[in-house]
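Input: a single structure, listed below in structure tokens.
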Amino acid sequence: MRLHTCISLIALLLSISQISQAQCGINPTSGLVTISGANQVPNSFYPGTGNPAIGQTSLVVGAIDSRGSATAIAADDLVLIIQMQGADLNSINSDEYGNGVAGAPASGSLATDLYAGYYEYNTVSSVAGTTINFSYSLANNYYTRDFTATTGIRRYQVIRVPRYYDLTINAGSTVTAPAWDGNTGGVVVLDAVNTLTLNGSVNVTALGFRGGGGKQYTGATAGNTNGTTTLQNTDYRFNSPEAIAANLSGGAKGEGIAGRPAYTYTIGATVSQTETGEGYIDGSMGRGAPGNAGGGGTDGAPVGAGSNGYNTGGGGGGNAGAGGQGGSGWHGTTGDVTTYPYGGQGGAVFSAHTLSRLIMGGGGGAGTANNSTAITEYQSSGGPGGGIVIARAATYAGNGSFVADGGAAPGINGSPTSNTDAAGGGGAGGTIIVVTRQAGVTGINTLTASAIGGVGGNMANYFDHGPGGGGGGGIIYTNGAFASTALTGGVNGKTRAGAGGPLTNDFGATSGQPGELITLASVPRLGNQNNGSSPCGVLPVTLISLKGVIHEEAVSLLWEIAEAVNLHHFDIEYSTDGSSFVLAGTKNYSGETNYSFIHRLELPPVLYYRLKMVDIDGSFRYSKVIMLRVNRAGTDMLVYPIWRSEERRVGKECRS
């Protein structure tokens, strides 16, 4: 007897309306909001506190950021929760710095405890003081942690997202965000039920991770140390004078997903900001590049009175493209670029990037400085990275632009001419997501998008002193086609080719690498892999559908995915009780959208299946669980595939 089976499964998402997919809550049904004027900030920003976990329905925030919108979060509001920082480093003083892998470049972070970039949408059910209660459980874990000698920084923020029906941004007008300050800012989130008309710009250029702040030092004194020996001109990291007063040398690293330096630089500032605490384990100075931040310069002559003068440049920040190398140091008139090639390393590529995981551009590292003053030392700073833009609407219109460029390093450009120090690296381009909630005409084709890397600083006052490395390009996601996109890496700075010569000498500095444009083949929809009843969550749902067909002594599983960024493989897991799952097999991601797997076994009355979708970096998420129930009555078989989380019958009866 051959058993005939048919099965009909809904897509991974619940059947929710297109509008609720766009807004995940109560939406306006009409109305036009028009934004006019420069530097308009529609979002409200709160620093997250504590460590809320997946499944929780509340969290506690700090005070609202007064630089953003003054509209407080209230019941029925849409919010975005995003983990801004959270990455562990190998802090060894060698070329294993950062990712723990021997060999240049000394950059990046460890794969373990990498939390930066996770985010989700949610709807507020109520607010009680500083406690925000949500309508749906959290899709991700979020973390806060202050710097200590043994622990790095972790930060998340909560952003209020205004609900629009139609939104127009007028020509000449700019929507922006406050610059990231270590707790909040750097992100614009726009959400329109119907049409977003952009004739102006949405611009978060240089509002991301901060550059390393330039500081003038004249050489380390007695008591200086890198933790093992006195400071060396090959050091990858060492503490700033804020922690060890005698360490009067080097350039500050940039800020990124793994933390921040003791000295930071914000775009447009004319002073370097001194922070509280070192910010990076084992030191925030020197050429090693932590995470996606650029490394600071390690001076060719770090120790002794009148030293710190063989100035090396800072490295560029990274995002989808790696930052460029900072330039070499003054050679003592030998003319050799290889004498002190100890400029900051470029910030690493954030290889964990997906549509559900995004970061700001890394800040550039600072160059080393000895000739500047307290007034001009900032000129050796690195440029800040670009911020994040997320826009969703049914359709778009207009001829405006989305911009998340990295910031240029200030550079040493002639005022005063006595400043003959090294320059900092450019900030990396940020992240732009512009998507629709429906298939068909998007309107994106008349808009432009840019997330280029920032230019490394020039050292224009003299020759053969370190220019800054260029910032890496950012990343753009869209399910349309922009009129144009720009993702080039930032050009490295220059120094003069000989005394009084032209400003044409790279002197060891390199440009940032280009970023990445990812065009989605379908409309991304919100989803919470840990709560199937939630219409909120993160933008991508990799799995569109999961189907099963029961044969004699076997089950065929078939599934379809919409988008896969950094996906590595699928683990197919099954259970006979719905709680204890075991591995049935593995299917590698091949770039296709449709997959199948045959599971041979003696059929029990009930089977449960789920997919574990594993990314390149080892992170993973589960599909919803489906239940297959088989009832045998003579030659009849009834098969009911059911989403177990809801126990809903969505199959149909099939008879032979």
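Here, each number is a calculation from the coordinates, and none is a lab measurement. In this text, all values refer to a predicted model and were calculated from it rather than measured experimentally. No Cβ is skipped: glycine too gets one built from the backbone with ideal geometry, and neighbour counts run over all protein chains shown.
Quickly rank 398-411, 187-200, 101-114 as a protection proxy: mean count of other C-beta atoms within 10 Å, highest first.
398-411, 187-200, 101-114
What FRET efficiency comes out for the pair Ile598/Ser351, r = Cβ-Cβ distance, R0 = 41 Å, nearest 0.05?
Efficiency for this residue pair is about 0.80.
Antiparallel versus total DSSP beta bridges in the chain: what percent is that, nearest 5?
Around 65 percent antiparallel, to the nearest 5.
Karplus couplings for region 372-388 from phi (6.51 cos²θ - 1.76 cosθ + 1.60, θ = phi - 60°), rounded to Hz, Gly and Pro as x?
Taking θ as phi minus 60°, the curve returns 6, 10, 4, 7, 10, 4, 4, 5, 8, 5, x, x, x, x, x, x, 10 Hz for region 372-388.
Would you calculate the volume per residue, in Å³, of the smallest convex hull containing every Cα atom of the chain?
In the chain, the Cα hull volume divided by residue count equals 149 Å³.
Given a Förster radius of 22 Å and the C-beta distance between Ala72 and Ala171 as r, what FRET efficiency does 1/(1 + (r/R0)^6) yield to the nearest 0.05?
With a Förster radius of 22 Å, E is 0.10.
If you line up the Cα atoms of region 348-455 on their principal axes, what length do they span on each, largest first, in Å?
60, 31, 16
Quick check: the distance between the Cα centres of region 22-97 and region 161-202, to the nearest angstrom?
Value for the Cα centre distance between the two parts: 14 Å.
Relative contact order, percent, of the chain when contacts are C-alpha pairs under 8 Å separated by at least 6 residues?
13 percent
Using per-residue counts of other Cβ atoms within 10 Å, averaged over each peptide, order 50-56, 492-498 from highest down.
In decreasing order of mean packing, 50-56, 492-498 become 492-498, 50-56.
Please compute the modelled spin-label separation between Glu560 and Ala128, points set 7 Å along Cα→Cβ, answer in nm with one decimal.
4.5 nm
Each residue of region 394-405 in turn: what ³J(HN,Hα) in whole Hz from Karplus with 6.51, -1.76, 1.60 and θ = phi - 60°, glycine and Pro shown as x?
5, 8, 10, 8, x, 10, x, 9, 9, 9, 9, 6
Would you grab the residues whose amide H sits under 5 Å from the one on Gly219? Only those 5+ places off in sequence or on another chain, please, with H modelled 1.01 Å from N.
Those qualifying (amide H under 5 Å, at least 5 residues apart or on another chain) are Ser307.
Going by the alpha-carbon gyration tensor, a ≥ b ≥ c the square roots of its eigenvalues, is region 556-615 rounded (a/c under 1.5) or, if a/c is not under 1.5, prolate (a/b greater than b/c) versus oblate?
Prolate, since a/c reaches 1.5 and a/b exceeds b/c.
Report, for region 89-212, the % of DSSP beta bridges that are antiparallel, rounded to 5.
Antiparallel bridges make up about 50 percent of those DSSP assigns within region 89-212.
Whole-Hz ³J(HN,Hα) for each residue in region 48-59, computed from phi via Karplus 6.51 cos²θ - 1.76 cosθ + 1.60 with θ = phi - 60°, x for glycine and proline: what do you get?
For region 48-59, the Karplus-derived couplings read x, 10, x, 9, x, 10, 3, x, 5, 10, 7, 7 Hz, x marking Gly and Pro.
Is region 297-340 best put as rounded, prolate or oblate by its Cα gyration tensor, with a ≥ b ≥ c the root eigenvalues, rounded for a/c under 1.5, and otherwise prolate when a/b is larger than b/c, oblate when not?
Cα axes put region 297-340 in the oblate bin.
Between Gly291 and residues 5 or more places away or on another chain, which pairs have amide H atoms under 5 Å apart, with H built 1.01 Å from N, and which residues are they?
Gly108, Ser109
Between region 343-397 and region 481-509, how many Å separate their Cα centres?
Centre-to-centre (Cα) distance: 17 Å.
Give the total of Lys-Lys pairs in the chain with Cα-Cα distances below 21 Å; include a pair only if its members are 8 or more places apart or on different chains.
Value for the chain: 11.
Give me the percent relative contact order of region 400-493, please, defined on Cα pairs under 8 angstrom at least 6 residues apart.
Result for region 400-493 is 36 percent.
Considering only the other residues whose Cβ falls under 12 Å of the Cβ of Thr488, what net charge follows from Lys and Arg at +1 and Asp and Glu at -1?
Once positives and negatives cancel, what remains is -2.
Per-residue ellipticity at 222 nm for the chain, helices alone: DSSP H runs ≥ 4 residues times -39500 (n - 2.57), over residue total, nearest 500 deg cm²/dmol?
Rounded to the nearest 500, the figure is 0 deg cm²/dmol.
Ranking request for peptides 206-215, 293-302: highest mean number of other beta-carbon atoms within 10 Å first, then the rest in descending order.
293-302, 206-215
Would you please give the residues with an amide H less than 5 Å from that of Asp191, counting only those at least 5 places away or on a separate chain, with H modeled from the backbone geometry?
Residues meeting the criterion, in which the H sits 1.01 Å from N, are Tyr164, Arg392.
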